[in-house]
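The values are calculated or read from the model by the stated rules, or taken from the named source; none is laboratory data. Computed from a prediction, not measured in an experiment: that's the story for all the values here. Heads up, the Cβs are rebuilt from the backbone with ideal geometry, glycines too, and the neighbour counts pull from every protein chain shown. The protein model used for the area step is the full one, side chains on, heavy atoms only, and it has no ligands, DNA or RNA in it. Shrake-Rupley method; radii C 1.70, N 1.55, O 1.52, S 1.80 Å.
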Amino acid sequence: TKWFDIAATAAQRMQETKGIIPNVDYFAAPVLYHLGFPLNIFTNVVASARIVGWSGHIFEQYANNRLIRPRARYTGHRNRTL
């Protein structure tokens, strides 16, 4: 639990001081380390898990010329006609 405790403490501190919350990849690192994955392939493992999402964004962009950002806060004009 040493590495998880360090990661959780760092995440809590960043949230308290800067309002930044980590994504799931942040907590994947202690798990990968505990499972014995070599440090030099962490980036490859995380990136390979994200390829589906990145591909989805590309298909979405090609279909509508827009990306969906559910957490984004829209601050532009509303109810405009094109």
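Things worth noting here:
- In whole angstrom, the chain maps to an equivalent ellipsoid with semi-axes of 34, 21, 6, each derived as √(5λ) from the alpha carbon gyration tensor and ordered largest first.
- In the chain, helical runs assigned H by DSSP with n ≥ 4 each contribute -39500 (n - 2.57); averaged across all residues and rounded to the nearest 500, the mean residue ellipticity at 222 nm is -21000 deg cm²/dmol.
- Charged side chains reduced to their Cβ positions (Lys and Arg at +1, Asp and Glu at -1) give the stretch 2-63 a dipole of some 120 debye around its Cα centre.
- Solvent exposure of the chain as accessible area per residue, Å², 1.4 Å probe: 92
- Apportionment of accessible area to carbon and sulfur, the stretch 2-63, percent (1.4 Å): 67
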